[in-house]
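Colleague: Can you read through this structure? Questions will come right after.
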Amino acid sequence: MSSAAHMKRRLRERSEHYLMQAAMRDVGKDAPSTVKAYRDRDGLLWRLLFVPVYRRLPWALKQRAMRSLRMTASGWRAPERRPREPWRPPPL
Amino acid sequence: MSERLIVIGGGGAGTAAATIAKRVNPDLRVTLFTEFPDIAYSPCGIPFVHGREIPKFEDLFLSTVERYVEDGLDMRMETTVTEIDLDRGTVTARNTHEGFDKLILCTGFVWEKPNVPGANLEGLHYVKDIRAAMEFDKLLDGMKRVVVHGATPLGVEMAGNLGHRGLQVEFVDEGPWVLSEVLDPDVAEPVHESLEKRGVTLRLGTKVNEFLGDGTRLRAVSTTAGDLECDAVIVCLHKLSNTALAESIGLEIGSTGGVVVDDHMRTSKPDVWAAGDVIEVPHGLSMLPIRALTGSHAYAQGRTAAFNAAGRDHVYDPVWVPWGLVAGDYTIGGFSIGETLATAMGIPYVLAKGVGVSRARYFPGATRTHVKLLAEPDTLRVIGGQIHGGEGVKERADFLAFAAKRGATLEDLAWMENIYSPPIGALFEPVAIAAQNGLAELRTRQPATV
C-alpha cells in the first residue's frame, strides 16, 4: 500500500473513531440502559480540535472536502434519486 | 481454446461468481480455488447451532462439491493460492502454476485480533470455519462461563445464543450500548433487556486489558471492570478485508482497507475483478466507501463480477444497506444510517417516529413494531431508519432501503398502500404511521405557506 493510501486510511479510521465517540455521547445522553463509553487518554487533538471544527462545517462543504481528498468512490454512478416538487407543509 | 476464469475464494461471493459465470457463458472454463474443505454452507447460521436453535451443523450446508462439479466447475478444494503473476497470467497453488485469462478475487475477510497481551492463548475462539465451529461446539458442552468480546452483530448473536444454551455469558464492549457503531440507543434498550433475560451479563463501556492464562491456556480476561474468569473467549471484533493477495499484485486499496472496484467490480488491473468482503463499495447517500456488508451483498457482488467477466455488462449500484438481526428474542433492523451515524457524519436530518402492530391487534401473535425514519430537512427524502419489534422487521428494512434508493419522501411513505389482512398485516402500516407522525410534527414546527 502506498504511503498516501495508508495516510488516507489512517485519516478515515481516526476521524470516524472520534466523531462516533462524540456522537454516541450526544445521542446517548439520558438514554436509559446506556453507560459511558470507554475512552482512552490519547486523541486529545482529535477530540478538542478536529471534532468541533468538523461539526461546525456544513454538510455540503464536508462532502466537497471528502471529494477533493478523494475519500469518496470514483468509477461509480448512483442511480438518480428523482426529486419531486420541493416539499411544502400541507394546508391545515 | 476457450477462455479460462479463475475464482479465488469459496465463500458467498466466490461460489456465486463461479457458478454464475459458467451459467452466463458455458464455454468459459471456470476453476474455483478454496483453502477450505467445505463449500456452500452458511457461516451466518453457526451461532444458532451453538445456541441449539438449529439442531446440527450439517443443516447449514446448502450444496455439495459434487454438485458444482456436475455443473461444470473445476473445484480445487483445500488448495491455497500462494501467488499470482499478472504478467504471465498464472496463479500458483501447491507449487503448480495454472494459467488464466480472467481472475475474480473473493478472498473474504479475516477477524481483527485483540491488540492486548495474551491474545495468542489457547481458548480464544473466532467464528468462521464450520469445522472449527463443530469442534468448538463439543468443547462448549464442558464449559460454564464464556466471555464474548465485541458487541458487533456476530457478538450479539453469539451472546444471545450461548445464553440460550445455558452458559454464563459476560458480554464485553467499550461502547456505551451494544452495536453502538450501528444502532441508536433507543433501539439498543430492548436489546439489552432481551439479552439480560437470556442470562447475559452486559459489561459495556469496558475495555479488555489482557487475557490471563495458566501456561498456554486461557483462564480469565482482565478488564477495566475487573477480572472475568472464563473457560473461553469468543472474539467478535471487526471484519478486515483479506487483501494479502490483492496487495501482492498491486491492486488499489481504498480508505477502508478494502480493494477498490468500480461499479462493474473491476479492480485497478485489467481482467481482474473482485467481490465480497475483500472489496469496498460506496454508500448510496454519501458515496463514501464502506465494506464488510452482509452475505447477500457478497453474493450480489459475486454475480456482478461473474456477469462482467463472462462478457455481459452489469452495473452494481451504490448500497443502502438494509440490515437486521435477532438479538436475544428481539428483532432489530434498519437501513443506511441511524441518528448516531448521521450525527457523527454531520448529516442534517429530521425524524419521523411511529409504533404500529405487525398483525391486526386482536390476532394472536401480534407484536409492536417501532419505526424511526430519518429524512433530509429540505426535500424530506428518506435517508435512513431503524426498526425494532417482532415479525416484519426484515421486510420493512428491505423495502425502505429500496424506497430510499429511489428517492421516496416522507410524504410518499405517509400515503403508501399496505396490505390489511388480520393474520399478516394491520390496517395501519407502522412505516406509514411513522411518516405521518413526522409530517404532523413538522407542521407544528413551521407555519403553513399555502
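Colleague: Pairs of alpha-carbon atoms within less than 8 angstrom and 6+ residues apart define the contacts here; what relative contact order does the range B:198-335 have, in percent?
Modeller: Averaging sequence separation for qualifying contacts and normalising by length gives 15 percent for the range B:198-335.
Colleague: Treating the Cα atoms of the range B:181-327 as identical point scatterers in vacuum, please give the log10 of the normalised Debye intensity I(q)/I(0) at q = 0.16, 0.17, 0.21 Å⁻¹, two decimals.
Modeller: With one equal scatterer per Cα and no solvent, log10 I(q)/I(0) is -0.95, -1.00, -1.22.
Colleague: Hey, another quick one. Please turn the phi angles of the range B:44-58 into ³J(HN,Hα) values with the Karplus equation 6.51 cos²θ - 1.76 cosθ + 1.60 (θ = phi - 60°), one per residue in order, whole Hz, x for glycine and proline.
Modeller: 5, x, 4, x, 7, 6, 4, x, 6, 7, 10, x, 8, 5, 4
Colleague: For the range B:77-177, take every pair of Cα atoms, bin their distances at 10 Å starting from 0, and report each bin as a whole percent.
Modeller: 11, 33, 23, 18, 13, 2
Colleague: Sticking with this one: Can you pull the percent of the protein assembly as shown's accessible area that's carbon plus sulfur, 1.4 Å probe, other chains left in place?
Modeller: In the protein assembly as shown, the share of accessible area belonging to carbon and sulfur is 52 percent.
Colleague: Return the tail of the calculated pair distribution for the range B:196-265, meaning the percent of Cα-Cα pairs more than 18 Å apart.
Modeller: Numbers: 1462 of 2415 pairs.
Distances greater than 18 Å cover 61 percent of the Cα pairs.
Colleague: Along each of its three principal axes, how wide is the spread of alpha-carbon positions in the range B:242-332, in whole angstrom units, largest first?
Modeller: 47, 28, 24
Colleague: From the phi of every residue in the range A:47-57, what ³J(HN,Hα) in whole Hz does the Karplus formula 6.51 cos²θ - 1.76 cosθ + 1.60 yield, where θ is phi - 60° and glycine or proline is x?
Modeller: 6, 8, 10, 4, 4, x, 5, 4, 5, 7, 7
Colleague: Less than 15 Å apart at the alpha-carbon level, and either on another chain or at least 8 residues along: which aspartates and glutamates does that give for B:Lys144?
Modeller: Those aspartates and glutamates meeting the cut-off are B:Glu170, B:Glu229, B:Asp231.
Colleague: Let me ask something else about it. Taking the Cβ of A:Asp40 as the center, what net charge do the other residues with Cβ under 11 Å away carry, scoring Lys and Arg +1 and Asp and Glu -1?
Modeller: +2
Colleague: Give me, ordered by chain and number, the residues 5 or more places off B:Val357 or on other chains with an amide H under 5 Å from its own placed amide H.
Modeller: B:Thr369
Colleague: If you take the accessible area of A alone, add that of B alone, and subtract the area of the pair, what total do you get in Å², probe 1.4 Å, to the nearest 100?
Modeller: 4700
Colleague: Note down the accessible area of A:Tyr54, probe 1.4 Å, to the nearest 10 Å².
Modeller: 40
Colleague: For chain B, max minus min Cα coordinate along each principal axis, in Å, sorted largest first?
Modeller: Answer, in whole Å and largest first: 72, 59, 41 Å.
Colleague: Further, regarding this structure: Would you tally the net charge around B:Leu374, using a Cβ to Cβ cut-off of less than 12 Å, leaving B:Leu374 out, and scoring K and R as +1, D and E as -1?
Modeller: The answer is 0.
Colleague: Keeping all protein chains in position, work out how much accessible area A:Trp59 exposes to a 1.4 Å probe, and write it in Å² to the nearest 10.
Modeller: We get 40 Å² for A:Trp59.
Colleague: For the range B:37-111 and the range B:140-195, compute the distance between their C-alpha centroids and round to whole Å.
Modeller: What the calculation gives is 30 Å, centre to centre.
Colleague: Please give the residues from the range B:260-277 for which the solvent-accessible area of heavy atoms, probe 1.4 Å, is smaller by at least 40 Å² with all protein chains in place than with the chain isolated.
Modeller: When all protein chains are present, B:Asp263 each give up 40 Å² or more of accessible surface.
Colleague: With θ taken as phi - 60° and the coefficients 6.51, -1.76 and 1.60, list the Karplus ³J(HN,Hα) couplings across the range B:320-332 in order, rounded to whole Hz; mark glycine and proline as x.
Modeller: Result, ordered by residue: 10, 6, x, 9, x, 7, 9, 10, x, 10, 10, 9, 10 Hz.
Colleague: On the principal axes of its Cα set, how long, how wide and how thick is the protein assembly as shown? Give whole Å, largest value first.
Modeller: Result for the protein assembly as shown: principal-axis Cα extents of 75, 56, 55 Å.
Colleague: Here's a follow-up. Does any residue of the range A:16-37 lose at least 50 Å² of accessible area with all protein chains in place compared with its chain alone, and if so which ones (probe 1.4 Å)?
Modeller: Relative to the lone chain, where solvent access is computed with a 1.4 Å probe, the range A:16-37 loses at least 50 Å² at A:Met20, A:Met24, A:Val27, A:Ser33, A:Val35.
Colleague: For the range B:117-208, what relative contact order do you get, as a whole percent, if you take Cα pairs closer than 8 Å and at least 6 residues apart? If you can, show how the numbers build up before the last one.
Modeller: Details: 110 pairs, mean separation 24.8, N = 92.
Relative CO of the range B:117-208 lands at 27 percent.
Colleague: Give the ranking of A:Leu44, B:Leu251 by solvent-accessible surface, highest area first, calculated with a 1.4 Å probe.
Modeller: Ranked list, largest accessible area first: A:Leu44, B:Leu251.
Colleague: Under the rule of at least 5 residues apart or a separate chain, name every residue whose amide H is placed under 5 Å from the amide H of B:Ala232.
Modeller: Residues meeting the amide H criterion: B:Val147.
Colleague: Measure up A:Lys29/B:Lys207; B:Lys269/B:Lys405; B:Lys207/B:Lys239 against 24 Å on the Cα-Cα distance and list the ones that go over.
Modeller: Table pairs above 24 Å Cα-Cα are B:Lys269/B:Lys405.
Colleague: Net charge around B:Ala310, counting only other residues with Cβ within less than 11 Å of its Cβ (Lys, Arg = +1; Asp, Glu = -1)?
Modeller: +2
The values are calculated or read from the model by the stated rules, or taken from the named source; none is laboratory data. Predicted model, so just to flag it, every value in this text is computed and none were measured. So basically every Cβ, Gly included, is an ideal-geometry build from the backbone, and we count neighbours across all protein chains shown. Note: accessible area is taken over every heavy atom of the protein model, side chains too, but ligands, DNA and RNA are not part of it. Shrake-Rupley method; radii C 1.70, N 1.55, O 1.52, S 1.80 Å.
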